[in-house]
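S.K.: Starting off with a structure, shown below.
Every read-out reported here was derived from the displayed coordinates using simple, explicitly stated rules and does not represent laboratory data. Since this is a predicted model, take the numbers as computed values, not measurements. In this analysis, Cβ positions are derived from the backbone assuming ideal geometry, glycine residues included, and neighbour counts consider all displayed protein chains.
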Amino acid sequence: MRDWKICVYQTSMRTLCILGVFGFLLVGVPLFGQAQEPPKKEEPTRPVERPTTNPLNLDDDIIDQSQVIKTGFILRITVAGEAEPSDTYFVDTTGSVVLKYQGTPISVTVSKFPPKIAADEIAKAFKKYLNNPVVSVSIVGVPRSTVFLNAPALVLRNRGPATIKADTTLQQILTLAEYSDLADLVNVKITRTDKEGKKTTFTVDLKSYMDSANPDEKDNPVLQNKDQIWVPSLGKNANSTQPSFVYVGGEVVKTLEKVPYHDKPPMTVIEAITQVGGTGPFADRKRIQVRRAGSKVPILVDLDLVDSGDETNNVELKANDSIIVPRLAQTHFYYVNGGLAKTGRFPYDHNMTLTQAIMENGGPVPYAKLKDGVIIRHLNPDGDPNKTLNIPFNFEAMLKRKKPDIALLPGDAIYIPAGSPPTNQPWDVFRFLNFANSVVNLYNQFTGRGFGFGSGGN
């Protein structure tokens, strides 16, 4: 018995040893081999190349959401609570977008409508499939027009493609290009391509337009997509005399106006803007740019600080300076709709309240449902309906000071249902007497007692 136990013990130990060697070969050897590998050399970190802003990009990234939709626009369409049709769409050549709902294509014409009306049209199409669909539409992309600037060395500081607006003129784009004293502005050549692909070249005397008291608009043409602009050099005949004007463009009352320049006393930004009628209602007064030849970075001016007495922002100008007044960003507006005297988009002022916004726009219309107001607040710029906050308010209680006022935020949309006149007018004494007299007449006719009150019987 003892020899049998020893035999079993020895066999078990041999088995364990074999298993141990096999496990080392399976696990230990690869790990050992890994440990012996030399560490990999780290690649040197390359600096990230950041795209530089094109100084000739006249068209900014702010898209006017009140403009009508056109072919080629890109829209963000959201149907509340419905993920499938909520997407980005391209407006085709027919002026339509094709949405899908449960695999069914739904074509809706949106061209020639502003986003709000387009949303109503889409909501009408979805009423076949949804109860009370809530649709929002925003413009996220518009076709851009581009021109090309070229000139000999030292004539233009900035050359190449330039993104323009629909009303950009030759004078404005050359000002942004920062032309030098070598620029021959009398013989600027523009090559234009028509729809059939035919090219024509014409010469423009921009200097005559700039120096004349009664300039001819043909010497400062509005540019078109794919225009090629050539500015020749004066060469030895270069005139060092600078133009005696400054130029003001953007969100001002009289845009792209020339203002006669003077240096005694020095001309300032506020003086030049005042001479063109001041800033427009949608002007971003805190981000005004002064572009100066020879300076790559524009000078930023805050007109609100100037109005507060900060003269350091009232920059002194030089001849040939250009002042660009940008448009307010989309988040600097609030929106009013429903039963109010004035509806639409309005500039947001800091520290604005709900009652201030309503009363500044004429107040509610008769029969408006003042107790059922709502503020729609988007918590992110993409208009995600899952991140939209609806804030109900009772404007009637606010007027009676039974409810506190509400502070507005940029981008808020205010809505009060319009309501309608009551169908049954309240009873008054005269209406009651007329009604009673009619009842008595009917009774007297039925009983044969005559008409009206006081008719005696037999």
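S.K.: Test of understanding: ordering 176, 130, 185 by Cβ neighbours within 10 Å, fewest first, what list do you get? Walk me through the numbers on the way to the answer.
M.R.: Values: 176 25, 130 16, 185 22.
The fewest-first ordering by Cβ neighbours comes to 130, 185, 176.
S.K.: Which FRET efficiency value, to the nearest 0.05, is calculated for residue 189 and residue 295 with the Förster distance at 25 angstrom and r the Cβ-Cβ distance?
M.R.: Working: r = 27 Å, r/R0 = 1.09.
Working from the Cβ atoms, E equals 0.35.
S.K.: Also, quick follow-up: For 393, 346, which order do you get if you count the other beta carbons within 10 Å of each Cβ and list the fewest first? Write down the numbers at each step before the final one.
M.R.: Values: 393 22, 346 18.
Ascending Cβ contact count within 10 Å gives the list 346, 393.
S.K.: Which of the pairs 195/258; 116/226; 189/286; 165/189 have their Cα atoms more than 25 Å apart in this structure? If you can, show how the numbers build up before the last one.
M.R.: Numbers: 195/258 33 Å; 116/226 32 Å; 189/286 37 Å; 165/189 20 Å.
Over 25 Å Cα-Cα: 195/258; 116/226; 189/286.
S.K.: Using θ = phi - 60° and the Karplus relation 6.51 cos²θ - 1.76 cosθ + 1.60, list the HN-Hα couplings for segment 178-192 in order, rounded to whole Hz, with x at every Gly or Pro.
M.R.: Result, ordered by residue: 6, 6, 9, 5, 7, 6, 8, 6, 7, 10, 6, 10, 10, 9, 10 Hz.
S.K.: Can you compute the label reach from residue 224? Point 7 Å from Cα along the Cβ direction, backbone N cut-off under 13 Å, restricted to segment 184-212.
M.R.: Residues passing the 13 Å test: 190-202.
S.K.: Please work out the Cα convex hull volume for segment 144-241 and give it in Å³ per residue.
M.R.: Working: hull volume 9.8 nm³, N = 98.
Enclosed volume per residue, from the Cα hull, is 100 Å³.
S.K.: Can I ask one more? Apply the Karplus parameterisation 6.51 cos²θ - 1.76 cosθ + 1.60, with θ equal to phi minus 60°, to every residue of segment 356-368 and state each ³J(HN,Hα) to the nearest whole Hz, in sequence, with x for glycine and proline.
M.R.: 4, 5, 5, 6, 5, 9, x, x, x, 7, x, 6, 5
S.K.: Amide H to amide H, which residues 5 or more places from residue 267 or on other chains are under 5 Å from it, using H placed in the peptide plane?
M.R.: Amide H neighbours of residue 267, under 5 Å, 5+ apart: 262, 317.
S.K.: Something else now. Based on the Cβ-Cβ distance of residue 341 and residue 201, what FRET efficiency does E = 1/(1 + (r/R0)^6) give at R0 = 60 Å, to the nearest 0.05? It would help to have the intermediate numbers written out before the result.
M.R.: Details: r = 54 Å, r/R0 = 0.90.
Approximately 0.65, to the nearest 0.05.
S.K.: Where does each of 258, 70 land when they are ranked from fewest to most other beta-carbon atoms within 10 angstrom?
M.R.: Details: 258 21, 70 14.
Final ranking by Cβ density, sparse to dense: 70, 258.
S.K.: Follow-up. Under 5 Å between amide hydrogens, which residues at least 5 positions from residue 233 or on another chain qualify, with H placed 1.01 Å from N in the peptide plane?
M.R.: Under 5 Å from the amide H of residue 233: 184.
S.K.: What ³J(HN,Hα) values, in whole Hz, does the Karplus curve 6.51 cos²θ - 1.76 cosθ + 1.60 give for segment 405-411 when θ = phi - 60°, with x put for Gly and Pro?
M.R.: With the stated coefficients, segment 405-411 comes to 5, 10, 6, 7, 10, x, x Hz.
S.K.: Using the Cα gyration tensor of segment 245-328, with a ≥ b ≥ c the square roots of its eigenvalues, what is the shape: rounded (a/c below 1.5), prolate (a/b larger than b/c) or oblate (neither)? Write out the running numbers ahead of the final one.
M.R.: Details: a/c = 1.29, a/b = 1.17, b/c = 1.10.
The shape class here is rounded.
S.K.: Follow-up question, since we're still on this one. Using alpha-carbon positions, what is the distance between the centroids of segment 281-314 and segment 129-164, in Å?
M.R.: Centre-to-centre distance over Cα atoms comes out at 24 Å.
S.K.: If the only charges are +1 at each Lys and Arg Cβ and -1 at each Asp and Glu Cβ, what is the size of the charge dipole of segment 282-410 around the Cα centre, to the nearest 20 debye? Don't jump to the answer; show the numbers that get you there.
M.R.: Details: 18 positive and 15 negative charges, 87 e Å.
Dipole magnitude for segment 282-410 comes out near 420 debye.
S.K.: Further, regarding this structure: Using R₀ = 41 Å, calculate the FRET efficiency as 1/(1 + (r/R₀)^6) where r is the Cβ-Cβ separation of residue 142 and residue 405; round to 0.05. Write down the numbers at each step before the final one.
M.R.: On the way: r = 38 Å, r/R0 = 0.92.
The pair residue 142/residue 405 has a calculated efficiency of 0.65.
S.K.: Would you give the gap between the C-alpha center of segment 246-267 and the C-alpha center of segment 354-375, rounded to a whole Å?
M.R.: If you average the Cα positions of each part, the centres end up 40 Å apart.
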